[in-house]
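Shown next, in structure tokens, is the structure this report addresses.
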């Protein structure tokens, strides 16, 4: 596909490939801008939800307007080939940035607040992500967390998920679905429908991973991991984790979704409280990462008015 024209897009290079298909860096010849072009694979279209529902959800997600969400520009088909054109985000995936022992608290709260703000915006517009994980979050060169694939997450049928959770394969052997299971809420593993609170469980796993460098539940096989998520307590956080941050993570990871945070904006509010009242000191350079400016958390607008700003006003 490199160098070829796909509709109005000229494909320049491959950015990555996975279960959903292949992503290319492309040039939009109509609007004169760089675009991430995702060509969907046959495997994705074979799910019960179908391409039609995915297309509908992508159109809904394209209306989201938030600095911490990767914007969807266009969805459709070209010569029978489904595609999604998205904002090209330059940066590094969060899963490749988390140190072995986790980030300093300041960075955990900073990125966590940005992700929570993105979820709050999406949920209030009726969009559930279904696949929040560090591999689906990009950290830009400016130090902003961008959540990818809103409204595009793969739907795994209840029957398929039940079979998968009984598997004695390792995560790597199980393929793409196995790679996502560490972030799935207990009720999802039991076959219940995805919900806002399922996204907030996944956010809790991401916060835990950023704070510790590891996942809250483990197992040698998919079966062991699934049982652990559904029945076992999360592994203890490091003693250096501030009590307020530990409470936020614990609240996200409650087994019963009814006792979990009801809204992402509540998570955002509690994350802000971890460092006390936000001040302009948040905008100083981050000593743990050269060249990165820390935006003030007070300036992450969760009012969903359509106007969002990171940094000083």
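The values are calculated or read from the model by the stated rules, or taken from the named source; none is laboratory data. What you are looking at is a predicted structure, and each value in this text was computed from that prediction instead of being measured. FYI the Cβ positions are ideal-geometry reconstructions off the backbone, even for glycines, and counts take in every protein chain you see.
Looking only at segment 119-145, which residues are touching a residue at least 60 places away in the same chain (Cβ under 8 Å) and assigned to a helix (DSSP H, G or I)?
Step one: of segment 119-145, the residues touching a residue at least 60 places away in the same chain (Cβ under 8 Å) are 119-134, 137-138, 142-145.
Correct list: 119, 120, 121, 122, 123, 124, 134.
Among the residues in segment 234-245, are any closer than 23 Å to residue 113 by Cβ, assigned by TED's automatic domain parsing to the domain that holds residue 199 and within 20 Å of the chain's Cα centre (by Cα)?
Looking through segment 234-245, at least one residue is closer than 23 Å to residue 113 by Cβ, assigned by TED's automatic domain parsing to the domain that holds residue 199 and within 20 Å of the chain's Cα centre (by Cα).
In segment 58-76, which residues are in contact with a strand residue (DSSP E or B) (Cβ under 7 Å, 6 or more places away or on another chain) and either more than 20 Å from residue 134 (Cβ to Cβ) or modelled with pLDDT under 90 (or both)?
Of segment 58-76, the ones in contact with a strand residue (DSSP E or B) (Cβ under 7 Å, 6 or more places away or on another chain) are 58-59, 61-62, 68-76.
Answer for segment 58-76, where residues must be in contact with a strand residue (DSSP E or B) (Cβ under 7 Å, 6 or more places away or on another chain) and either more than 20 Å from residue 134 (Cβ to Cβ) or modelled with pLDDT under 90 (or both): 58, 59, 61, 62, 71, 72, 73, 74, 75, 76.
Residues in segment 1-27 that are closer than 16 Å to residue 90 by Cβ and touching a residue at least 12 places away in the same chain (Cβ under 8 Å): how many?
Quick first cut of segment 1-27, residues closer than 16 Å to residue 90 by Cβ only: 12-16, 23-27.
Still in the running and touching a residue at least 12 places away in the same chain (Cβ under 8 Å): 12-15, 23-27.
Residues that pass the stated criteria total 9.
Restricting attention to segment 192-202, and to residues there that are touching a residue at least 40 places away in the same chain (Cβ under 8 Å) and either under 13 Å from residue 245 (Cβ atoms) or over 11 Å from the mean Cα position of the chain (by Cα) (or both), which single residue is surrounded by the most Cβ atoms within 10 Å (Cβ to Cβ)? Before you say what the answer is, go through the steps one by one.
From segment 192-202, those touching a residue at least 40 places away in the same chain (Cβ under 8 Å) are 194-202; that's our starting set.
Checking the rest, the ones that are also either under 13 Å from residue 245 (Cβ atoms) or over 11 Å from the mean Cα position of the chain (by Cα) (or both) come to 194-198, 201.
Values: 194: 18, 195: 17, 196: 21, 197: 23, 198: 23, 201: 25.
Going through the qualifying residues, I end up with 201.
Testing residue 129 on (1) touching a helix residue (DSSP H, G or I) at 6+ places or on another chain (Cβ under 6 Å); (2) at pLDDT 95 or above, one condition comes back false. Which one is that?
With (1) touching a helix residue (DSSP H, G or I) at 6+ places or on another chain (Cβ under 6 Å); (2) at pLDDT 95 or above applied to residue 129, the lone miss is (2).
Check whether at least one residue in segment 213-226 is buried (at least 17 other Cβ atoms within 10 Å of the Cβ), at pLDDT below 90 and either not assigned by TED's automatic domain parsing to the domain that holds residue 126 or not in a loop (DSSP other than H, G, I, E, B) (or both), and report yes or no.
Yes, segment 213-226 contains a residue that is buried (at least 17 other Cβ atoms within 10 Å of the Cβ), at pLDDT below 90 and either not assigned by TED's automatic domain parsing to the domain that holds residue 126 or not in a loop (DSSP other than H, G, I, E, B) (or both).
Does segment 13-27 hold any residues that are farther than 15 Å from residue 82 by Cα and either loosely packed, with under 12 Cβ neighbours inside 10 Å or at pLDDT below 95 (or both), and which are they?
Here is the first cut: in segment 13-27, the ones farther than 15 Å from residue 82 by Cα are 13-18, 25-27.
Answer for segment 13-27, where residues must be farther than 15 Å from residue 82 by Cα and either loosely packed, with under 12 Cβ neighbours inside 10 Å or at pLDDT below 95 (or both): 13, 14, 15, 16, 17, 18.
With outside the structural domain of residue 27 (by TED's automatic domain parsing) and under 14 Å from the mean Cα position of the chain (by Cα) as the only criterion, which of 141, 101, 130 stands out? Give the steps one after another, and end with the answer.
Values: 141 fails: under 14 Å from the mean Cα position of the chain (by Cα); 101 fails: under 14 Å from the mean Cα position of the chain (by Cα).
Only one candidate qualifies: 130.
Within segment 96-118, which residues are in contact with a helix residue (DSSP H, G or I) (Cβ under 8 Å, 6 or more places away or on another chain) and not in a helix (DSSP H, G or I)?
Correct list: 98, 101, 102, 103.
Can you work out which of the residues in segment 78-89 that are over 10 Å from residue 146 (Cα atoms) and not in a strand (DSSP E or B) is modelled with the highest pLDDT?
Checking each candidate, the answer is 88.
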